[in-house]
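The values are calculated or read from the model by the stated rules, or taken from the named source; none is laboratory data. Everything numeric in this text was worked out from a predicted model, so none of it was measured. Neighbour counts are summed over all protein chains in view; Cβ atoms, including those assigned to glycine, are modelled from backbone coordinates with ideal geometry. Surface accessibility is based on the protein's heavy atoms, side chains included, excluding ligands, DNA and RNA. Shrake-Rupley method; radii C 1.70, N 1.55, O 1.52, S 1.80 Å.
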Amino acid sequence: LAIADPPYPPAIYRERTVPRASRWYGQNQQSATDRPADAHPDAAEWDDPARHRALMAELTDTYDGWALATPPDGLEVYRPLPPGAHVAVWVKLNSIPGPARIRSCWEAVIVYPARRSSRGIGVVPDVLVCGQGGRFAGAKPARWTRWILAMMGHDPTDTVADLFPGSGEVTAELNQGRLL
Ligand SMILES: C[S@@+](CC[C@H](N)C(=O)[O-])C[C@H]1O[C@@H](n2cnc3c(N)ncnc32)[C@H](O)[C@@H]1O
């Protein structure tokens with residue numbers, strides 16, 4: 001299985017497009033107050049919507065199941081989704097306010113569950129309501145990782161790749177031993 005939490009695709013407004021990958025993880029800050037979470041030399045590749053679609057195709061070709069996090073407007077970049085993919089919603093009421101009048105308080109997760117029976121696993125809601133913590137922009141709380149695993153149909157024999165570790169929160173949760 002794989003968990004992919006890449007930098008966000010660009011934000012598209014009426015008059016302009018604002019890069020978010022190179023802004024928050026590269027060297028393309030948009031104002032003096034921008035504080036990148038970390039720095040990756042190839043962050044700018046994620047400012048190209050085609051790179052996101054290529055990632056989704058790679059995930060489908062390589063893994064039995066995967067989950068890919070993106071903001072609400074990022075869903076447009078990934079559509080059409082592969083048959084069997086499901087859009088789930090993480091509601092984070094303490095999301096960081098931005099300059100826009102409408103404050104985005106949720107993030108989408110495209111889930112492509114592993115093809116296996118749900119018997120014995122139980123039913124998993126496609127909405128998680130929990131706060132976002134930590135100082136790293138984009139860090140995921142432990143509950144998020146457990147929710148993603150449950151939706152993917154994770155079983156203890158699976159290996160799970162955390163493709164964009166960032167703060168390390170997701171990997172730490174995967175490694176702590178008791179996942180479900
Ligand atoms: C949304 S964050 C991941 C957050 C992580 N899930 C967590 O819980 O902290 C995206 C990460 O991708 C990294 N990144 C940026 N460009 C990349 C690239 N070309 N290849 C791999 N990782 C990249 C960023 O530096 C950042 O650490």
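A few notes on this one:
- Other residues with beta-carbon under 11 Å from the beta-carbon of ASP34 carry, at +1 per Lys or Arg and -1 per Asp or Glu, a net charge of +3.
- Estimated [θ] at 222 nm from DSSP helical runs (n ≥ 4, -39500 (n - 2.57)) normalised by residues in the chain, nearest 500: -6000 deg cm²/dmol
- Per residue, in Å², the accessible surface of the stretch 1-122 once ligands and nucleic acids are set aside, probe 1.4 Å: 59 Å²
- In terms of overall dimensions, the stretch 26-110 has a Cα radius of gyration and Dmax of 14.9, 43 angstrom.
- Distances between placed amide hydrogens fall under 5 Å for ASN28 paired with ARG23, all partners being 5 or more residues away or on another chain.
- Amide H contacts of VAL129 (H built 1.01 Å from N, under 5 Å, at least 5 apart or other chain): VAL91
- Surface share of carbon and sulfur [accessible, 1.4 angstrom probe, percent] for the chain: 53 percent
- Angle between the chain longest axis and helix 142-152 axis [Cα atoms, degrees, rounded to 10]: 60 degrees
- Antiparallel content of DSSP bridges confined to the chain, in %, to 5: 60 percent
- At R0 = 41 Å, FRET efficiency that the Cβ-Cβ distance of ARG16 and ALA172 yields, to 0.05: 0.65
- Calculated log₁₀ intensity ratio I(q)/I(0) where the Debye formula runs over C-alpha points of the stretch 84-180, q = 0.15 Å⁻¹: -0.65
- Average Cα contact separation per residue, the chain, under 8 Å, 6 or more apart, as relative contact order %: 23 percent
- Degrees separating the helix 49-62 axis from the principal Cα axis of the chain, which is the longest one: 10 degrees
- Taking a sphere under 11 Å around the Cβ of GLY133 and counting the other residues whose Cβ falls inside, with K and R at +1 and D and E at -1, yields a net charge of +3.
- Square roots of 5 times each gyration tensor eigenvalue, C-alpha, the stretch 33-77, largest first, Å: 23, 13, 11
- The Cα center of the stretch 44-91 and the Cα center of the stretch 119-180 differ in position by 17 Å.
- Here the convex hull built on the C-alpha positions of the chain has a volume of 123 cubic angstrom per residue.
- From the Kirkwood radius over Cα pairs of the stretch 113-167, Stokes-Einstein at 4 °C and 1.567 mPa s returns a whole-number translational diffusion coefficient of 101 µm²/s.
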